[in-house]
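Notes to accompany the following structure.
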Amino acid sequence: MSFGKFLVASNGGVSVYAAKCGHIDTNVGFIENVERSEAVLIDASFGSFAASKKILSHGTKVIAVFFTHGHWDHIGDGHIFRNLGATTHAHGKDRAFIERPQLMAMFAGIEDELVPCGIDVDVEDGDEVSVGGWLRVSCRWVPGHAAGDLVFYLEDLGCAFTGDTLFAGCIGRTDLPGGDEQLLIDGIKRKILTLPNDITVIPGHGRHTTVGYEKANNEFFA
């Protein structure tokens with residue numbers, strides 16, 4: 001299996017990579033501090049553990065995993081990283097899907113492949129999480145695709161991981177449990193499109209974009 005590795009940003013010895021992993025090319029974020037030999041993951045889809053071996057430097061340890069939400073295609077390898085010592089972070093409203101993933105997997109027909117992953121830290125809207133003393137993660141709750149949707153803004157690195165809330169030219173689907181289109185649109189306007197225009201947006205699937213481009217061109221907001 002090959003993984004497309006994309007350098008998103010680099011600042012102060014910390015680099016952000018994204019790779020498409022799993023059944024439906026979920027974008028997984030790899031944030032690495034080479035000097036500390038530590039890394040943080042944004043989402044942990046199927047294939048993300050294998051991808052970490054190719055993307056991260058030899059000896060780098062994943063110390064934390066942040067889940068944008070609890071849908072099956074974003075959590076498949078989460079239990080592997082947690083069993084190796086990573087702390088896991090998610091919004092409490094999606095805890096059940098992550099700890100009992102068969103609740104969502106029935107929609108995709110892959111119940112047998114999923115292993116539950118415990119959640120160590122419930123993340124709330126507005127939380128600023130410091131990881132390892134070298135990474136600040138600003139957490140923004142943007143429900144509407146799922147009840148526990150979180151956007152992770154890395155101000156020092158100029159990027160935001162939006163999960164399945166905002167895509168390039170589109171928004172996330174709202175026909176699954178917890179979905180609400182107007183709630184999602186309102187949340188994107190307040191929590192994502194208020195970020196600086198040059199912030200790189202890494203969505204849960206598809207190509208990367210910027211806040212400014214989506215404000216000007218996304219048909220849901222332009």
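The values are calculated or read from the model by the stated rules, or taken from the named source; none is laboratory data. What you see is a predicted model; the values in this text were computed from it and never measured. Cβ atoms come from the backbone with ideal geometry, glycine included; neighbour counts cover every protein chain shown.
Things to note:
- Residue tally, condition of a type in the set (A, V, I, L, M), surrounded by 17 or more Cβ atoms within 10 Å (Cβ to Cβ) and either within 15 Å of the chain's Cα centre (by Cα) or modelled with pLDDT of 95 or more (or both), over segment 76-104: 4
- Residue within segment 165-173 that is charged (D, E, K, R) and touching a helix residue (DSSP H, G or I) at 6+ places or on another chain (Cβ under 7 Å) present: no
- Filtered residues of segment 142-179 (kept if surrounded by fewer than 20 Cβ atoms within 10 Å (Cβ to Cβ), of a type in the set (D, E) and at pLDDT 95 or above): E155, D156
- Every residue from segment 105-141 that is out of contact with any Asp or Glu (no Cβ under 9 Å at 6 or more places or on another chain), at pLDDT 95 or above and not aliphatic (A, V, I, L, M): D120, D122, E124, D125, G126, D127, E128, S130, G133
- Put simply, of G133, G144, G178 the only residue that is in contact with a Ser or Thr (Cβ under 7 Å, 6 or more places away or on another chain), part of a loop (DSSP other than H, G, I, E, B) and at positive phi is G144.
- Within segment 34-50, the set of residues being in a strand (DSSP E or B) and either among the polar types (S, T, N, Q) or more than 20 Å from P101 (Cβ to Cβ) (or both) comprises E38, A39, V40.
- Of note, D175 satisfies the criterion of being free of Cβ contacts under 8 Å to residues at least 60 places away in the same chain, acidic (D, E) and more than 25 Å from N33 (Cβ to Cβ).
One line per residue, one yes/no per condition, for (1) surrounded by fewer than 22 Cβ atoms within 10 Å (Cβ to Cβ); (2) among the hydrophobic types (A, V, I, L, M, F, W, C); (3) assigned to a strand (DSSP E or B); (4) within 12 Å of the chain's Cα centre (by Cα):
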| site | (1), (2), (3), (4) |
| --- | --- |
| V8 | yes, yes, yes, no |
| V16 | no, yes, yes, no |
| E32 | no, no, yes, no |
| S52 | no, no, no, no |
